[in-house]
Amino acid sequence: MIHMKKNTNTTSIIALITDFGDKDFYVGAMRGVILSINPNAKIVDISHNIEPFSVISGAYVLYGAYKYFPKGTTFLIVVDPGVGSRREAIVIKTRNYSFVAPNNGVLSLVLMEESITEKYLIPENIFVKKPSYTFHGRDIFAPAAAYASMGVYDVFEEFRGDIVTLDILKYKKEGRAIKAHVINVDRFGNVALSVQYEDVKKEISYGKTVSIKGIGDVKLIRYFSELSVGETGLIVNSIGFLEICVREGNAAKRYGLKLGDEVLLTW
Amino acid sequence: MIHMKKNTNTTSIIALITDFGDKDFYVGAMRGVILSINPNAKIVDISHNIEPFSVISGAYVLYGAYKYFPKGTTFLIVVDPGVGSRREAIVIKTRNYSFVAPNNGVLSLVLMEESITEKYLIPENIFVKKPSYTFHGRDIFAPAAAYASMGVYDVFEEFRGDIVTLDILKYKKEGRAIKAHVINVDRFGNVALSVQYEDVKKEISYGKTVSIKGIGDVKLIRYFSELSVGETGLIVNSIGFLEICVREGNAAKRYGLKLGDEVLLTW
Amino acid sequence: MIHMKKNTNTTSIIALITDFGDKDFYVGAMRGVILSINPNAKIVDISHNIEPFSVISGAYVLYGAYKYFPKGTTFLIVVDPGVGSRREAIVIKTRNYSFVAPNNGVLSLVLMEESITEKYLIPENIFVKKPSYTFHGRDIFAPAAAYASMGVYDVFEEFRGDIVTLDILKYKKEGRAIKAHVINVDRFGNVALSVQYEDVKKEISYGKTVSIKGIGDVKLIRYFSELSVGETGLIVNSIGFLEICVREGNAAKRYGLKLGDEVLLTW
């Protein structure tokens, strides 16, 4: 029997991020498990179409959405190339939110802004005696998120290990040149780079021309409408990253850019 | 402080249409904003996979779904190629529904059936002092829909301008010939034309043979099952438009048809 | 007027499976209809991206998700290549769940585990006097699911016919060889076969080498992490089926396998 130690500051909202896609039974089964444990859960999707196995994409999409949710939201993130290996399944509490995820770095960007107040290990048998070998989203993470959303934390164990963080925002700056990499390609083909505008705004002001290797000279713009249709630009995206864009076009396709590619900027 | 002038006839349902796709953080951030303002909002998706930047597709999908929702539903439509330009962000009330959208024609088809009773302008700073330059879905439209769903309208300003409407259903009829265009290609490859059957039913009755340029002679049918598997036909779709279809096949791929293409029918 | 005979054991959860995709108005219109009839319905998506017209895929995805939902859930399954033909629209009750679907075999796998306690026919005019010829999802199935989720069953008629079942899990075993077929390809390219591990576990134990025609020798594994990245294996998937996989890769693409293809295993 579960002793119900109510943890404060929880709502019933569970926000989901996975790379399970939307054609299979995976996310449906997770939703069923959540509602079986917490019938009042309010399940809200962020994305299920994270690039398969890409922890960096998962971290980026979580970072772009989490702060807009009400305090007390539980985030359930399953991008888990290491399922079945020894990576831990964890629950992190910060002052505002709870995060349920594999301990593989997918929380790296969020943890630049949120401080950990509590950390837990999810026991393998939290929901079924013998969890499946391949689908911990259903058997371990979804049940954990359901309990977290009810403020029931004593189903978890204390976690004394380290939270894995990845150096996602690394780039090399030398004089008036930056070597960065692609951390996201969105639906429109906009290409986000591993550089936050905040870090370079003293040197690159709006209207300045920047040269991108393999692309040519583009302007740093505020609005897409500063470009003519089909023109390429460099924009500060809605969460503060430098992003290569083509107005009403697809920059990633035009320039053959994809996740992880190196991009060289000079000015 | 917001003075809560309750506007009648609202439910907590907010139905969403965007071209933001389902892989990024965009729709998730909008859902978070909505729930932060109206924790009781019932968010219901219509589609987030509108053809990027296609106001016509957005108008068509909205038209195909809206009338099946309960009275009092708030529709939030963000297909917004002009984000950052001077197009207004508006809220339209009709006797049955509220519509939150850019003033770019995306309400054109709905407004053939619904009469405007009130119209409002959404102030840029409705949610944050300085909205982002590129993501008004999160910073302007989602907050507006959240307030509208609570019946809180005095956060808006009066709108005295004109509602933009597009002539989406235009076609040219001369004798027994119609020159129309493609207004939608659905998941199955069915190709909807800019002609409502109501307008031509006196001349084209069920069973009649119609010649489609580049395709050949097809029959106007009621049921897909009137065709053999793989056969092409002309059908009246479930919202009254003429539609080129292939039974259990993909008409758009077979005939290379896409949004905006011209189609010539003779009989 | 509807006489409200409350049927017991229902929650307000309606879980959806369709092949309508996520770009059109189809699923949105169905959600609107459901909420118009049952404003308290809790609509939960399983998948709308079932392979178009594939009753087998629909049956498989339903089977993979249904048992994780709370008792009393109503499942609404619309994979309906025969829309407009004489196939019946039915409601099946089992001890735990209700299923609303066309009578075309899409319930075949579920009915291996669940016993029918009641069966009903949905009248064509349950919602509108003249339902559309092509969209029974909106006009017949969605209204039926809404009523079922409220426990209102006297809008249905008695069904005395047979429930269609398909022999989805057929395979031929001769000595140490099995001729099976592909019943699902998931987002990651994992290829599920028409064989449950339970049936062959006495002969194929974990670690054993199995030869797959056209692929070569692979090992039966428990965890993806037993493979090196890019290596091919045979795994027992999370709902008990044999599945061909490539670690962090796409087996279906690598070997050109698709739904319905024959696969020969020997050991």
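The values are calculated or read from the model by the stated rules, or taken from the named source; none is laboratory data. What you see is a predicted model; the values in this text were computed from it and never measured. Backbone-built Cβ (ideal geometry, glycine too); neighbour counts: all protein chains shown.
Can you name every residue in region C:89-113 that is in a loop (DSSP other than H, G, I, E, B) and crowded, with 18+ Cβ neighbours inside 10 Å?
Just the residues of region C:89-113 that are in a loop (DSSP other than H, G, I, E, B), to begin with: C:95-97, C:103-109, C:113.
Within region C:89-113, C:97, C:103, C:104, C:105, C:106, C:107, C:108, C:109 qualify.
Is it the case that residue B:224 is of a type outside the set (Val, Ile, Thr) and touching an Asp or Glu at 6+ places or on another chain (Cβ under 9 Å)?
Yes.
If you go through region B:117-138 one residue at a time, do you hit one that is farther than 19 Å from residue B:165 by Cβ, in a helix (DSSP H, G or I) and over 18 Å from the mean Cα position of the chain (by Cα)?
Within region B:117-138, one or more residues are farther than 19 Å from residue B:165 by Cβ, in a helix (DSSP H, G or I) and over 18 Å from the mean Cα position of the chain (by Cα).
With the structure loaded, tell me whether residue A:46 is touching a strand residue (DSSP E or B) at 6+ places or on another chain (Cβ under 7 Å), among the hydrophobic types (A, V, I, L, M, F, W, C), at the interface with chain B (Cβ under 8 Å from one of its Cβ atoms) and assigned to a loop (DSSP other than H, G, I, E, B) or whether it fails that test.
So residue A:46 fails the test.
Please go through (1) farther than 30 Å from residue C:257 by Cα; (2) in contact with a helix residue (DSSP H, G or I) (Cβ under 7 Å, 6 or more places away or on another chain); (3) within 14 Å of chain A (Cβ to nearest Cβ) for residue C:149 and return the number of the only condition it doesn't satisfy.
The failed condition is (2).
Just the residues that are more than 19 Å from residue C:262 (Cα to Cα) and not aliphatic (A, V, I, L, M), please, taken from region C:188-221.
C:188, C:198, C:201, C:202, C:203, C:205, C:206, C:207, C:208, C:209, C:219
Any residue at all in region C:27-43 that is facing chain B (nearest Cβ under 9 Å), within 26 Å of residue B:51 (Cα to Cα) and at pLDDT below 95?
no
Which numbered condition in (1) among the aromatic types (Phe, Trp, Tyr); (2) part of a strand (DSSP E or B); (3) surrounded by fewer than 22 Cβ atoms within 10 Å (Cβ to Cβ) is the only one that residue C:53 fails?
Failed condition: (2).
For region A:212-239, enumerate the residues that are surrounded by 15 or more Cβ atoms within 10 Å (Cβ to Cβ), more than 19 Å from residue B:83 (Cα to Cα) and touching a Phe, Trp or Tyr at 6+ places or on another chain (Cβ under 8 Å).
Result: A:215, single match.
Residue-wise test of (1) among the hydrophobic types (A, V, I, L, M, F, W, C); (2) at pLDDT below 95.
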{"residue": "B:119", "(1), (2)": "no, no"}
{"residue": "B:129", "(1), (2)": "no, no"}
{"residue": "B:132", "(1), (2)": "no, yes"}
{"residue": "B:141", "(1), (2)": "yes, no"}
{"residue": "B:152", "(1), (2)": "yes, no"}
{"residue": "B:157", "(1), (2)": "no, no"}
{"residue": "B:162", "(1), (2)": "no, no"}
{"residue": "B:169", "(1), (2)": "yes, yes"}
{"residue": "B:180", "(1), (2)": "yes, no"}
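So which residues in region B:66-76 are closer than 13 Å to residue B:106 by Cβ and within 9 Å of chain C (Cβ to nearest Cβ), if there are any at all? Steps first, answer last, please.
Let us first name the residues in region B:66-76 that are closer than 13 Å to residue B:106 by Cβ, namely B:66, B:75-76.
Scanning region B:66-76 gives a single hit, B:66.
If you scan region C:199-216, which residues turn out to be more than 14 Å from chain A (Cβ to nearest Cβ) and not basic (Lys, Arg)?
Of everything in region C:199-216, those that are more than 14 Å from chain A (Cβ to nearest Cβ) and not basic (Lys, Arg) turn out to be C:199, C:200, C:203, C:204, C:205, C:209, C:210, C:211, C:212, C:214, C:215, C:216.
When you look at residue B:70, is it in a loop (DSSP other than H, G, I, E, B) and touching a strand residue (DSSP E or B) at 6+ places or on another chain (Cβ under 7 Å), yes or no?
Numbers: in a loop (DSSP other than H, G, I, E, B): yes; touching a strand residue (DSSP E or B) at 6+ places or on another chain (Cβ under 7 Å): yes.
Considered against the rule, which asks whether it is in a loop (DSSP other than H, G, I, E, B) and touching a strand residue (DSSP E or B) at 6+ places or on another chain (Cβ under 7 Å), residue B:70 comes out as yes.
For residue A:33, state whether it is over 19 Å from residue B:22 (Cβ atoms) and within 20 Å of the chain's Cα centre (by Cα).
no
Condition first: farther than 20 Å from residue C:42 by Cβ and in a loop (DSSP other than H, G, I, E, B). Can you find one or more residues in region B:29-42 that meet it?
Taking every residue of region B:29-42 in turn, none turns out to be farther than 20 Å from residue C:42 by Cβ and in a loop (DSSP other than H, G, I, E, B).
Residue C:85 fails exactly one of the following numbered conditions: (1) closer than 28 Å to residue B:229 by Cβ; (2) within 11 Å of chain B (Cβ to nearest Cβ); (3) surrounded by 22 or more Cβ atoms within 10 Å (Cβ to Cβ). What is the number of that condition?
So the condition that residue C:85 fails would be (3).
Quick check, is residue B:138 basic (Lys, Arg), touching a residue at least 12 places away in the same chain (Cβ under 8 Å) and either under 30 Å from residue B:28 (Cβ atoms) or assigned by TED's automatic domain parsing to the domain that holds residue B:111 (or both)?
yes
Which number in (1) of a type in the set (A, V, I, L, M); (2) in contact (Cβ under 8 Å) with a residue 60 or more places away in the chain; (3) within 14 Å of chain A (Cβ to nearest Cβ) marks the one condition that residue C:90 misses?
Exception for residue C:90: condition (3).
Among A:115, A:98, which is the only one that is touching a residue at least 24 places away in the same chain (Cβ under 8 Å), more than 30 Å from residue C:221 (Cα to Cα) and assigned by TED's automatic domain parsing to the domain that holds residue A:154?
A:98
Report, by residue number, each residue of region C:149-162 that is touching a strand residue (DSSP E or B) at 6+ places or on another chain (Cβ under 7 Å) and surrounded by 15 or more Cβ atoms within 10 Å (Cβ to Cβ).
C:149, C:151, C:153, C:156, C:159 - these are the residues of region C:149-162 that are touching a strand residue (DSSP E or B) at 6+ places or on another chain (Cβ under 7 Å) and surrounded by 15 or more Cβ atoms within 10 Å (Cβ to Cβ).
Within the group C:45, C:24, which residue is surrounded by 24 or more Cβ atoms within 10 Å (Cβ to Cβ) and of a type in the set (D, E, K, R)?
C:24
Is it the case, given these coordinates, that residue B:61 is more than 14 Å from chain C (Cβ to nearest Cβ), under 27 Å from residue B:238 (Cβ atoms) and crowded, with 18+ Cβ neighbours inside 10 Å?
Here the answer is no, as residue B:61 does not meet what is asked.
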